[in-house]
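Heads up: the structure comes next, in structure tokens.
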Amino acid sequence: MKFLSYAYNFTFRQAWRHLTIRGRECDRIALTQYLDQTYAGKSYLYYNGRSALAVALKTLLGAKVQGAKIGVNAYTCYAVVQAVQEVGAQVVYLDIDPKTYNFTAQTLAQTLKKQRLAAVIVQNTLGVVSDITGVEKVAKLAKLKIIEDLAHSVGLRYKDGRPVGTVGDATFFSFGRGKPVDTEHGAALVLRGDYAQAKIYVPTKLTSRQNRRRDRLYPILGWKIRKTYRTIGRPLAWFCKAIGLLRGSVEGKPEPFVTMANWQARLVLEQLQNKPKLTRLPLLVKNRDAVLKALAKHGYYFYEIWWDSAVSPRRLFSKVGYDQTKTPIAYQVGERMLNLPTNLTAREKREVVKIIKEASRGA
Ligand SMILES: Cc1ncc(COP(=O)(O)O)c(C=O)c1O
């Protein structure tokens with residue numbers, strides 16, 4: 001059996017370490033020093049990426065953030081939209097190139113002919129890097145702030161050779177569930193250039209005791225559920241969800257005063273220094289529901305997709321008032337996306353490809 005969910009990216013050893021590791025104040029200091037040096041700026045640690053993005057927008061735009069228009073990849077995560085709206089700004093969706101899942105410099109330039117944007121978020125969707133050279137040129141001409149979102153792309157380089165995260169006015173990271181750096185929750189913001197001197201609040205509060213318990217337990221619970229899925233695993237997953245011990249991955253809201261725990265900072269630094277990699281391979285399919293069912297019949301549980309709609313997860317899509325006629329490519333990609341885990345053996349890969357081909361043809 002293979003999964004995309006239930007902390008599939010954790011071995012038992014990693015899950016046990018995640019449960020038991022201790023951290024100290026010096027771990028946060030070491031992490032911020034590493035980020036300051038690597039990304040040439042001043043860094044702050046948060047509990048989730050949406051908080052880091054909300055603070056970035058407020059810091060870069062000041063009072064003008066109210067009502068400001070922000071360019072956002074039209075294929076994105078609900079948390080990004082949530083952060084923009086939380087600070088009183090407006091999302092302007094930029095349609096994507098179906099091969100890179102990112103908006104192009106040309107789309108940005110065309111949008112700027114019609115409306116004025118204050119900032120743009122470069123997302124490097126699913127680890128596919130943006131055309132930063134083109135985007136930067138357009139942004140400079142239009143005096144547009146660039147925020148780099150490294151949730152999927154930490155450690156990569158743009159085609160022009162620059163490391164991701166070293167171009168924008170601000171760079172933020174999510175170390176949330178399933179990300180290349182995964183401590184279940186946690187995030188960072190690096191303010192760069194003149195903004196590195198900005199006086200901003202340093203969050204010190206920890207999240208609730210219940211969230212902290214959930215963060216510690218998720219990988220080990222996920223491991224147990226995966227290993228026993230055909231016997232007690234499935235009812236165990238149901239029970240953990242019912243009592244609130246397991247939650248959907250995009251739950252939560254921007255909380256700029258809340259930070260990650262010391263032990264999370266320690267794990268984040270270790271993982272950052274260990275060449276992080278994305279744990280999913282994107283693949284576009286026809287008849288996705290039929291494909292998912294056929295895969296599950298053979299023990300491949302790939303239901304948790306990044307991303308299963310243009311603004312994901314699908315259960316929140318209707319909340320954002322998305323007009324699919326304006327950004328049709330992103331909408332279509334959201335309807336057809338499937339992810340494969342990166343730990344399939346050669347035999348499993350062949351089997352998965354065969355199942356996908358048959359199911360997408362047959363339905
Ligand atoms: C590309 C991207 N940016 C930002 C976020 C927000 O991160 P968080 O869930 O830590 O708030 C996510 C979340 O999944 C994401 O996928």
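When residues of segment 24-33 are filtered for being surrounded by fewer than 17 Cβ atoms within 10 Å (Cβ to Cβ) and of a type outside the set (Gly, Ala, Ser), how many remain?
Result for segment 24-33: 5.
All but one of (1) within 16 Å of the ligand (Cβ to nearest atom); (2) surrounded by fewer than 14 Cβ atoms within 10 Å (Cβ to Cβ); (3) among the small types (Gly, Ala, Ser) hold for residue 252, so report the exception by its number.
(2)
Read through the list (1) buried (at least 18 other Cβ atoms within 10 Å of the Cβ); (2) away from the ligand (no atom under 15 Å from the Cβ); (3) over 19 Å from residue 154 (Cα atoms), then give the number of the only condition that residue 244 fails.
(1)
Of everything in segment 125-147 that's hydroxyl-bearing (Ser, Thr, Tyr) and either farther than 17 Å from residue 106 by Cα or surrounded by fewer than 24 Cβ atoms within 10 Å (Cβ to Cβ) (or both), which residue is farthest from the ligand (Cβ to nearest atom)?
Step by step, filter segment 125-147, then rank; the result is 133.
For residue 180, are the conditions met, namely being under 19 Å from the mean Cα position of the chain (by Cα) and either assigned to a helix (DSSP H, G or I) or not β-branched (Val, Ile, Thr) (or both)?
yes
Go through segment 183-198 and report how many residues are within 13 Å of residue 119 (Cβ to Cβ) and part of a strand (DSSP E or B).
Matching residues across segment 183-198 total 0.
Just checking: which of the helices (runs of 4 or more DSSP H) contained wholly in segment 1-68 hold 2 or more residues that are closer than 30 Å to residue 352 by Cβ?
Filter on segment 1-68 gives 12-20.
Which count do you get for residues in segment 148-163 that are crowded, with 23+ Cβ neighbours inside 10 Å and touching a strand residue (DSSP E or B) at 6+ places or on another chain (Cβ under 7 Å)?
5
Which residue, of 122, 92, is within 13 Å of the ligand (Cβ to nearest atom), crowded, with 17+ Cβ neighbours inside 10 Å and at pLDDT 95 or above?
Just a single option satisfies the conditions, and that option is 122.
Does segment 126-144 contain at least one residue that is part of a strand (DSSP E or B) and in contact with a Pro (Cβ under 6 Å, 6 or more places away or on another chain)?
no
Residues of segment 152-181 being on the phi > 0 side of the Ramachandran plot, touching a Ser or Thr at 6+ places or on another chain (Cβ under 7 Å) and away from the ligand (no atom under 12 Å from the Cβ), which ones?
165
Tell me the residue from 166, 111, 107 that is surrounded by fewer than 24 Cβ atoms within 10 Å (Cβ to Cβ) and assigned to a loop (DSSP other than H, G, I, E, B), please.
Answer to the check: 166.
Mind checking which residues of segment 286-319 are farther than 12 Å from residue 334 by Cβ, of a type outside the set (Phe, Trp, Tyr) and surrounded by 16 or more Cβ atoms within 10 Å (Cβ to Cβ)?
287, 290, 291, 292, 294, 295, 304, 316
Can you name every residue in segment 182-198 that is out of contact with any Gly (no Cβ under 7 Å at 6 or more places or on another chain) and more than 11 Å from the ligand (Cβ to nearest atom)?
189, 193, 194, 195, 197, 198
Do we have residue 57 as more than 14 Å from the ligand (Cβ to nearest atom) and in contact (Cβ under 8 Å) with a residue 12 or more places away in the chain here?
no
Note down all Cβ pairs under 8 Å where the first residue falls in segment 154-182 and is acidic (Asp, Glu), the second is in a loop (DSSP other than H, G, I, E, B) and within 11 Å of the ligand (Cβ to nearest atom), and they're at least six residues apart or on different chains.
Between residues of segment 154-182 that are acidic (Asp, Glu) and residues that are in a loop (DSSP other than H, G, I, E, B) and within 11 Å of the ligand (Cβ to nearest atom), the close pairs are 182/175; 182/176.
Could you tell me which numbered condition residue 72 fails, if it satisfies all but one of (1) under 20 Å from residue 173 (Cβ atoms); (2) β-branched (Val, Ile, Thr); (3) within 16 Å of the ligand (Cβ to nearest atom); (4) not in a strand (DSSP E or B)?
Unmet condition: (4).
The values are calculated or read from the model by the stated rules, or taken from the named source; none is laboratory data. Predicted model only: the values in this text are computed from it and were never measured. Neighbour counts are summed over all protein chains in view; Cβ atoms, including those assigned to glycine, are modelled from backbone coordinates with ideal geometry.
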